[in-house]
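Notes follow the structure.
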Amino acid sequence: MQHPAHVKTVESLPGFISDLRMCQNLGDFVAFQENLLSATLTATQARAERSRVAKRLRKGGEASA
């Protein structure tokens, strides 16, 4: 796991596990889910952008558009 996205994910997991263990009521769980969703959406958007760049490069385009 040398890709920066993988490293970032591995580094953030202990924090999410700790946050989940600290949840004691419904509000805590909702806040945890919002944070987890935000992190997931950020990772998904970054992956989609890398995919678009790779496709452009394969077609002979430039990395940034």
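The values are calculated or read from the model by the stated rules, or taken from the named source; none is laboratory data. Values in this document were obtained by computation on a predicted structure and should not be read as measured data. All Cβ positions, even for glycine, are placed from backbone atoms using ideal geometry, and neighbour counts span all protein chains on display. With ligands, DNA and RNA removed, areas are computed over all heavy atoms of the protein, side chains included. Shrake-Rupley method; radii C 1.70, N 1.55, O 1.52, S 1.80 Å.
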| query | Around Ala63, what is the net charge, scoring Lys/Arg as +1 and Asp/Glu as -1 over all other residues with Cβ under 15 Å from its Cβ? | reply | +4
| field | Spin-label zone in region 33-65 - amide nitrogen under 16 Å from a point set 7 Å from the Cα of Asp19 along the C-beta vector | value | 33-44
| message | At 1.4 Å probe radius, can you tell me the per residue accessible area of region 1-57 in Å²? | response | 82
| Separation between the Leu26 and Val53 pseudo-spin-labels, each 7 Å from Cα along Cα→Cβ, expressed in nm? | 4.3
| task | For every helix of n ≥ 4 consecutive DSSP H residues, a contribution of -39,500 (n - 2.57) applies; sum these over the chain, divide by its total residues, and give [θ] at 222 nm rounded to the nearest 500 deg cm²/dmol. | result | -28500 deg cm²/dmol
| request: With the full set of protein chains in place, find how many percent of the accessible area of the chain is carbon and sulfur; take the probe as 1.4 Å. | output: 60
